[in-house]
Amino acid sequence: MAYSKEIIAYLVRSGVAKELARDISQDVLLKMLESDLALPPEKIRAWMYRVAVRKYIDQYRRDKAYLDILQRDFFHQERVVEFDQPNYEPLYTAVNELPEKYRWVLSLYYFQDLSVKEVASLLHWSVSSVKVNLMRGRRCLKEKLKKAGYTYDDFK
């Protein structure tokens with residue numbers, strides 16, 4: 001399914017390890033096959049993203065203590081995330097440095113091409129909350145990029 005690759009790409013851009021993103025994507029597809037979904041086709045995409053985010057959060061909570069010990073004691077290098085377009089790397093880096101609520105909203109809206117309604121449905125927020133967080137996130141992102149010496153024209 002085409003959504004599987006989208007979910008993997010979204011999770012990787014959000015900082016999830018590629019293998020874990022693949023596992024989560026498989027879990028989402030398995031859950032979709034096992035459940036009796038009565039959703040219209042246009043809502044399945046948002047449902048899959050919501051399930052993927054929840055599965056990642058569950059996995060993160062389960063492994064948090066173990067990961068903290070490993071990172072502190074064994075892994076001193078930062079995880080490198082591969083991007084489709086190298087000239088966008090500063091943009092993705094800046095987005096990943098934003099507060100989590102802005103990062104999720106901007107990633108879903110811009111990188112995954114979800115509508116405001118789909119983002120609201122996925123995050124269980126109101127449409128107005130998504131719009132406000134998009135505006136604030138864009139403002140923070142613009143400031144970060146400006147401080148780093150980038151302009152809008154650098155990412156066209």
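Would you check if Ile24 is assigned to a helix (DSSP H, G or I), surrounded by 13 or more Cβ atoms within 10 Å (Cβ to Cβ) and either at pLDDT 80 or above or of a type outside the set (S, T, N, Q) (or both)?
Details: assigned to a helix (DSSP H, G or I): yes; surrounded by 13 or more Cβ atoms within 10 Å (Cβ to Cβ): yes; either at pLDDT 80 or above or of a type outside the set (S, T, N, Q) (or both): yes.
In short, yes.
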When region 27-44 is examined, which residues are found to be farther than 14 Å from Gln59 by Cα, part of a helix (DSSP H, G or I) and either touching a residue at least 60 places away in the same chain (Cβ under 8 Å) or acidic (Asp, Glu) (or both)? Glu34, Glu42, Lys43
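I need the full set of residues from region 98-114 which are part of a helix (DSSP H, G or I) and free of Cβ contacts under 8 Å to residues at least 24 places away in the same chain, in order please.
Looking only at region 98-114, we keep the residues that are part of a helix (DSSP H, G or I), and these are 100-111.
Of everything in region 98-114, those that are part of a helix (DSSP H, G or I) and free of Cβ contacts under 8 Å to residues at least 24 places away in the same chain turn out to be Glu100, Tyr110.
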Please enumerate the residues belonging to region 1-21 that are part of a loop (DSSP other than H, G, I, E, B) and out of contact with any Leu (no Cβ under 8 Å at 6 or more places or on another chain). Ser14, Gly15, Val16, Ala17
Among what's in region 118-156 and is modelled with pLDDT of 85 or more and among the acidic types (Asp, Glu), pick the residue that is surrounded by the most Cβ atoms within 10 Å (Cβ to Cβ). Glu118
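Residues Lys117, Lys144: which one is in contact with an Asp or Glu (Cβ under 7 Å, 6 or more places away or on another chain) and part of a helix (DSSP H, G or I)? So that I can check it myself, show each step before the final result.
On the way: Lys117 fails: in contact with an Asp or Glu (Cβ under 7 Å, 6 or more places away or on another chain).
Sole residue among the options that is in contact with an Asp or Glu (Cβ under 7 Å, 6 or more places away or on another chain) and part of a helix (DSSP H, G or I): Lys144.
The values are calculated or read from the model by the stated rules, or taken from the named source; none is laboratory data. Just so it is clear, the structure is predicted and the values come from calculations on it, not from any experiment. Because the Cβ atoms are built from the backbone with ideal geometry, glycine has one as well, and the counts that use them run over all protein chains shown.
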